[in-house]
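The block underneath contains the structure these notes are about, expressed in C-alpha cells.
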Amino acid sequence: MQANKPENFYQNVKDALAQPDLKMIIRRTTDKAEAKRAEAIANFPGFENARKQGQKVKDHTIKYMDHYLAEFEKNALAQGTIIHWASTAEEASKIVLDICRQHEAKKVTRSKSMLGEEIGLSHALDNSGIERVETDLAEHIIQLAGDPPSHIVWPAMHRSREDVIKLFREYHKDPTYSEEIIDLVRSARRDLRTKFLTADIGISGSNFLLADSGSSCTVTNEGNAELTITPPKVHIVTAGIEKLVPSMAHAVPLLRLLTRSATGGEITQYITFHNGPKRQNDADGPEECHIVLVDNGRTKMLADGMEEMLRCIRCGACMNHCVVYKHIGGHAYGSVYPGPMGSVLTPHLNSLEVANKQTHACTLNGRCEEVCPVNIPLPKLLRSLRAQSWDKKYEPLTNRFVVKAFAALAKRPKLFQLVSSCGVIFMRLCSRQGWIKSMPLAGGWTRNRDLIEPESKTFMQQYKAMKKAKSDGA
Amino acid sequence: MNKQRNEISRERIFDAIRAAAPTVTADVKAIQNEALEILGESEFARPALLAEDAAEALTLRIEAGLVIGTSCEKIASLDQLPDSVNQFLAKYALPAELKVQEIERLKALNWDGITTEVDIKNDNTVGLCWAEYGIAETGTFVVHSGPDMPILLNFLPLYLLAVIPKSKILPYMDDYALIAGEIAQRGETPRNMCLISGVSGTTDIEGVLIQGAHGPEVLHIIIVEDQ
Amino acid sequence: MSQEIINADVKGAKSNTIKCLNISEKKVGLFVTCLVNTMRPSVGFASLKLLEEAGCTVEVPEQQSCCGQPAFNSGDDEGTRQIAYQTIKQFENFDYVVVPSGSCAAMIKKNFIEVFKDQPEWLARAQHLADITHELLSFLVDVCEFESSGIELEGSYTYHDSCSGYRALHVYEQPRKMLANVKGLEHNPLNGHSECCGFGGTFCVKYSDISNEIVAEKAENILATEADYLLGGDMGCLMNMAGKLNREGHKEIKALHTAEVLAGLAPQILGDENASK
C-alpha cells in the first residue's frame, strides 16, 4: 500500500469513505479502546489529579527545556552515551545511517518508534541496503505488507487476520498453517527470535528521557524493545527533544496516564530505563549507545505558541475518540501522525501549506481535549492553525469569499436582518411539504440531508410586529 | 566534520529554544524546587492499593487477575524455593530443567534433581531470577542489569519465575523512582532498570490478547518472607 | 407556523409556575442567534416566554446578527472581531445575556476573548460580556432557579447533548431536570448522547460526506430509542439530525428545541407541521 500524501487529503477522504469495510475495521479497535479507557478511568478516582500533575510535569520541562536538555546531555555523556543533535528529519536519519555504516551493519532490529517513522528512518534504511527488521508485531505485519502505519498505538489495525495469515505464509521461514491467532503470533515469535539474536544494531525510540540520569525509557507490552536493544553490539535511540522529563519520579505520573489512555490497561508489561552502554562486567547489553536528539519542527512549535502540543505523550486517545478519525481512518491523513494530534503536528513537521485541509476536518466538538491525558487544547490549536492558514491565504478562494461575505454582512445588523428575511423567502420557494430537498448554493448540505423549511417570517420580523401590535393596543 | 555538524545542530536547537522561551532562568535551585513541588501532588494522583501492606497489596493484585499471565505464592524461607520450582514445573508438565540466575544465594540452594543450566536462546525454556524490588501499585518486579543479571534472562524464556524478597516490596512506583534517584545521585545507575508487570503480550491481530508474543507466556512470582 | 399562532400563544398560554429568585429588576438581553432568527423563530419566542415566566425583564435588541462562529472557526480573526465589536456594543449593558444555543453562547463566553488578545480595552469588554452571558437552559435552572410546571406533552423524548453546550458550558443536568417536570413525557436515553452529530458549522458543508457518515450513525442511535421526540439545545445540530432522518424517510420522530417543549409550544408546532403535509 502506497502512503497517501497530506496534500491530497480530499481525495484520500473520498477513497477512505469508498472502502466498504473500513469503518468496521477501525471500530474493532477504537470502540474497544474507548470502552477500556473509560473503565480504567472509572477505576482510578485520582485520574483528574494525575492529569493535572502530568500536565504540570510536561509544562515545567518545556518551560525550562534548555536547562533540562543540557542536564540530560551532561548525565548521558557521563553514562558513556554518545549524544547526537539533529535539527531536521533528514539529518536525524543520516546520523543513524552513518552509525550503521561505521559498524558495517548488515541487519538492524527496530522496536516501534513513531519518531523513527517521522524522520523516515524505515525508508532510509531500506534504501541503504541494510536489512531492517521491525520487531513490534504490528510493525512486523505492516513491514511485510509494505503499509504505512494507520494508528500510533495499533499501526496494523487496518489489517485483518486473513491478511496476516497470507503475509506470514508468504514471508515466514517456518510458517504456521493454522488460522488461530495464537499460532500466528507463535509463527512471528519463531521468525523474529533468530533475528533478535543476530542483529548488528538495535534501534529504539524513547517514551521518556530522564534529565537527572541521562536515561531513555522504553514502554512496551511485547517486550520487544529489550530484545531489540540487548543482544546487538550497538544501541541507537532516536527521540524528540520534547520527551524530556526532570527525573524518573516525574515520568511516573505520565506512565499512569499513558497506559490508561492508550489501551485502558493500568500499566504496560515492560518499562525499561536504558542508561548508556553495558558496564565493564555486565552479563549482556550493547557495547555502544547513541542517542539522537531530534528537533524537526519542535522548536518551531515552541516559537509559534504551540507549546501545549509538546505535552503529547502519544497515547492515541484523541484519535480513538475522534468522530472524523473513526470514519476515515489513519491513512487518509497522509501523515505518520493521524487524527487530532496529527492534524496539529503535521503542519509543523511538514508544512501548513500542504497539511492545512486536515485542520478543517474537525467539528471542534472537544472530545479529544476531554480525553487527552495531559489536557492539550487540541480544538484551540487546530483553530489557531486555521487562523494561520487564513492569514497565509491557503484557504480555497471560494471558502474565503463566502466567509468574508458572511462576516461583512454580520457586522451590519440591519443589512443582516434584511438579507435573512430575503433568505427565508428564497428558501420557502425551494421548499416542498415542509422540507427543502435541494437548493442552489446549499449542495453541501442537501447532498446528504434535507433542510427544514423556515417559518414565513424571521424572528425579528415577527417580534417587531408583535411589539408594534402591543404598543398600538396600548 | 560530523562533529562540527553536530555542534552546529546543537547550537541551533538551543538558540531556537532560548529565542522562543524568554522565561528561561539561570537559577537552577528555583527550577529544582519547582520540579519537586510537582512531585508533592503524587499523593493525590495515584490509585488506591488493594491492601495497606505492600506485599499483601501486590499479592491481591496478582490474585485478582490484574497482572497479565501472572500467578504468585509466598514462601516462608528461601530453602523452600526448589520445592516451589518443582511444583511449578510439574504444573506445566515441564522437564526438570531451568536457567537459574547465577547469584550465590540461588546457586547455594539444594537443587537436587533439577538441572539449573539451560541455553535460554532456545525457545520453551524456564528462567528463574532474583528481583531487586517489587511494586504493589502495578504488580511489578524490578531487575537491574549487572554482572550476574543478564537482562535477556527475563525475556527469552517462555516461562519465568521471579523471586521477590518481601522486605523489598514497595507500595508505589514513586517509591521506586526515589530509590532510582538516589542510585543516580551515587553515580551507580545500572545500564538497565526493568519494571516488569506481567508477561509479553500483544493485541495486534484483531485486538485479541495473546500471551508470549516474544518473551514469557507465563510468569510466577514467589515472595520470600525471610529475606 | 404562522406569526399569529406564536403571538396568541405568548399572550394567552398557560403559564409556568414561577418559583424563582427575585430577578425581575435584572435586565436580560436575548441573543436570538441567526439559525433561530431565520429557520426557527418559535425557539426565540419560547425562550422569551420562559424567561418572562422566570420573572426576567427581557429585551431583544434589534441590532443583532450572528455570534461570529463561521468566521472564527474558519480562522478569520479579523472578520470575527468585526462581528464581535457590534455584539459587545449591543449587549454589554444588560445584566444578563441569554442565548438559546450552546455553541453560540460558548462562542461569546469562550472565544471572543481569543480574538482580542492584543486589544486590552476590547479584551476587557469581551470578558465582561463573557461573564454575563448564559446558555438558556443553564440560565433558567442555575441563575433563575426556575422550575416549570403545568406543561404537558404525551410521548417519549431522547436527548442529544450538543458538544459546545456539553463540553464547553457543562450543560447536562439542566435540560433533563426541566424536562422531568413535563407531564406525560418520558425520557429514552440516547446511546452516545454526547457524541458529535457531525454538524460542526462549516464542517458539515466543507466535509459533507464525512459529516454524513457521522450523522447517519447518530440517526441510527436516535431511531433505536424509539422516542417520539428528538430534543436538543442547538438548532444547528437539530437541523442536521432532523434533516438526515427526513432524508432517510423517518418521519416518525420529530425534532424540537428543548425550549419549545418547555414553553408549551410543541403541540402548535407539531400541529402546524402536520397541517402543512
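Filter region C:50-93 down to the residues that are open to solvent by less than 10 Å² (accessible area, probe 1.4 Å), touching a residue at least 60 places away in the same chain (Cβ under 8 Å) and either within 9 Å of chain A (Cβ to nearest Cβ) or of a type outside the set (A, V, I, L, M, F, W, C) (or both) and list them by number.
C:Ser74
How many of the residues in region C:167-184 are more than 8 Å from chain A (Cβ to nearest Cβ), within 16 Å of C:Gly233 (Cβ to Cβ) and not in a loop (DSSP other than H, G, I, E, B)?
7
Considering only residues that are more than 7 Å from chain B (Cβ to nearest Cβ) and more than 29 Å from the chain's Cα centre (by Cα), look in region A:278-293 and name the one that is least open to solvent (accessible area, probe 1.4 Å).
It comes out as A:Pro286.
Given the options B:Ile13, B:Ile38, B:Ile17, B:Ile8, name the one that is outside any loop (DSSP other than H, G, I, E, B), open to solvent by 40 Å² or more (accessible area, probe 1.4 Å), among the β-branched types (Val, Ile, Thr) and outside the structural domain of B:His220 (by TED's automatic domain parsing).
After ruling out the rest, the residue left standing is B:Ile8.
So A:Ser93 passes all but one of these: (1) within 26 Å of the chain's Cα centre (by Cα); (2) touching a residue at least 40 places away in the same chain (Cβ under 8 Å). Which condition number does it fail?
(2)
Here's the yes/no breakdown for (1) crowded, with 16+ Cβ neighbours inside 10 Å; (2) acidic (Asp, Glu); (3) more than 30 Å from B:Arg61 (Cβ to Cβ); (4) free of Cβ contacts under 8 Å to residues at least 24 places away in the same chain:
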position	(1), (2), (3), (4)
A:Phe9	yes, no, yes, no
A:Asn12	yes, no, yes, no
A:Leu22	yes, no, yes, no
A:Arg27	no, no, yes, no
A:Ala33	yes, no, no, no
A:Pro45	no, no, no, yes
A:Asn49	yes, no, no, yes
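Of the residues C:Lys254, C:Lys244, which single one is out of contact with any Lys or Arg (no Cβ under 8 Å at 6 or more places or on another chain), touching a residue at least 12 places away in the same chain (Cβ under 8 Å) and not hydrophobic (A, V, I, L, M, F, W, C)?
The unique qualifying residue is C:Lys254.
Out of (1) more than 10 Å from every other protein chain (Cβ to nearest Cβ); (2) modelled with pLDDT of 95 or more; (3) over 18 Å from the mean Cα position of the chain (by Cα), the odd one out for A:Phe416 is which?
(1)
How many residues are more than 9 Å from chain A (Cβ to nearest Cβ) and open to solvent by 50 Å² or more (accessible area, probe 1.4 Å) if we restrict to region B:44-60?
5
Residues of region C:203-228 being open to solvent by 40 Å² or more (accessible area, probe 1.4 Å) and facing chain A (nearest Cβ under 8 Å), which ones?
C:Val205, C:Lys206, C:Asp209, C:Glu213 - these are the residues of region C:203-228 that are open to solvent by 40 Å² or more (accessible area, probe 1.4 Å) and facing chain A (nearest Cβ under 8 Å).
Which ranges mark the helices (runs of 4 or more DSSP H) fully within region A:96-194 that have 2 or more residues being touching a residue at least 12 places away in the same chain (Cβ under 8 Å) and open to solvent by 50 Å² or more (accessible area, probe 1.4 Å)?
Fully inside region A:96-194 and qualifying: A:161-171.
Just to be sure, is B:Leu66 surrounded by 16 or more Cβ atoms within 10 Å (Cβ to Cβ), part of a loop (DSSP other than H, G, I, E, B) and modelled with pLDDT of 95 or more?
Judged against the criteria, B:Leu66 is a match.
So which of B:Gly207, B:Gly146, B:Gly139, B:Gly134 ends up being modelled with pLDDT under 95 and either in the same structural domain as B:Asp79 (by TED's automatic domain parsing) or under 26 Å from B:Lys74 (Cβ atoms) (or both)?
B:Gly207
Tally time: how many residues in region A:52-72 are within 8 Å of chain B (Cβ to nearest Cβ), charged (D, E, K, R) and in contact (Cβ under 8 Å) with a residue 12 or more places away in the chain?
Residues that pass the stated criteria total 1.
(1) farther than 23 Å from C:Arg81 by Cα; (2) surrounded by fewer than 22 Cβ atoms within 10 Å (Cβ to Cβ); (3) among the charged types (D, E, K, R); (4) at the interface with chain C (Cβ under 7 Å from one of its Cβ atoms): which one isn't true of A:Glu369, the others all being true?
A:Glu369 satisfies every listed condition except (4).
Determine whether A:Ala239 is buried (at least 23 other Cβ atoms within 10 Å of the Cβ) and not in a helix (DSSP H, G or I).
Against the criterion (buried (at least 23 other Cβ atoms within 10 Å of the Cβ) and not in a helix (DSSP H, G or I)), A:Ala239 qualifies.
Only residues that are modelled with pLDDT under 65, open to solvent by less than 40 Å² (accessible area, probe 1.4 Å), more than 7 Å from chain A (Cβ to nearest Cβ) and part of a helix (DSSP H, G or I): list them for region C:5-47, please.
C:Asp9, C:Val10
If you go through region A:338-355 one residue at a time, do you hit one that is surrounded by fewer than 23 Cβ atoms within 10 Å (Cβ to Cβ) and without any contact (Cβ under 8 Å) to a residue 12 or more places away in the chain?
Within region A:338-355, one or more residues are surrounded by fewer than 23 Cβ atoms within 10 Å (Cβ to Cβ) and without any contact (Cβ under 8 Å) to a residue 12 or more places away in the chain.
Hey, can you tell me all the residues within region A:446-462 that are more than 7 Å from chain C (Cβ to nearest Cβ) and either over 13 Å from A:Val424 (Cα atoms) or in contact with a Cys (Cβ under 6 Å, 6 or more places away or on another chain) (or both)?
Matches in region A:446-462: A:Thr446 only.
Is it fair to say A:Asn296 is open to solvent by 10 Å² or more (accessible area, probe 1.4 Å), within 12 Å of chain B (Cβ to nearest Cβ), within 30 Å of B:Ala21 (Cα to Cα) and in a loop (DSSP other than H, G, I, E, B)?
Considered against the rule, which asks whether it is open to solvent by 10 Å² or more (accessible area, probe 1.4 Å), within 12 Å of chain B (Cβ to nearest Cβ), within 30 Å of B:Ala21 (Cα to Cα) and in a loop (DSSP other than H, G, I, E, B), A:Asn296 comes out as yes.
Find the residue count for region C:120-168, including only residues that are surrounded by fewer than 21 Cβ atoms within 10 Å (Cβ to Cβ) and of a type in the set (S, T, N, Q).
3
Look at region B:69-115 and say how many of its residues are assigned to a helix (DSSP H, G or I) and open to solvent by 70 Å² or more (accessible area, probe 1.4 Å).
9
From B:Asp148, B:Asp119, B:Asp123, grab the single residue that is more than 20 Å from A:Ala225 (Cα to Cα) and at the interface with chain A (Cβ under 8 Å from one of its Cβ atoms).
None of the others qualify; the one that does is B:Asp148.
C:Glu195 passes all but one of (1) at pLDDT below 95; (2) assigned to a loop (DSSP other than H, G, I, E, B); which number fails?
Unmet condition: (1).
Give me a count of the residues in region A:395-447 that are aromatic (Phe, Trp, Tyr) and either open to solvent by 70 Å² or more (accessible area, probe 1.4 Å) or in contact with a strand residue (DSSP E or B) (Cβ under 7 Å, 6 or more places away or on another chain) (or both).
So the count comes out to 4.
Among the residues of region A:388-409, are any more than 8 Å from chain C (Cβ to nearest Cβ) and in contact with a Ser or Thr (Cβ under 6 Å, 6 or more places away or on another chain)?
Looking for residues that are more than 8 Å from chain C (Cβ to nearest Cβ) and in contact with a Ser or Thr (Cβ under 6 Å, 6 or more places away or on another chain), one finds none in region A:388-409, hence no.
When you look at C:Lys117, is it in contact with a Leu (Cβ under 7 Å, 6 or more places away or on another chain), open to solvent by 10 Å² or more (accessible area, probe 1.4 Å) and not aliphatic (A, V, I, L, M), yes or no?
yes
The values are calculated or read from the model by the stated rules, or taken from the named source; none is laboratory data. Please read these numbers as outputs of a predicted model, since none were measured by experiment. Backbone-built Cβ (ideal geometry, glycine too); neighbour counts: all protein chains shown. Ligands, DNA and RNA are excluded from the accessible area calculation, which covers all protein heavy atoms including side chains. Shrake-Rupley method; radii C 1.70, N 1.55, O 1.52, S 1.80 Å.
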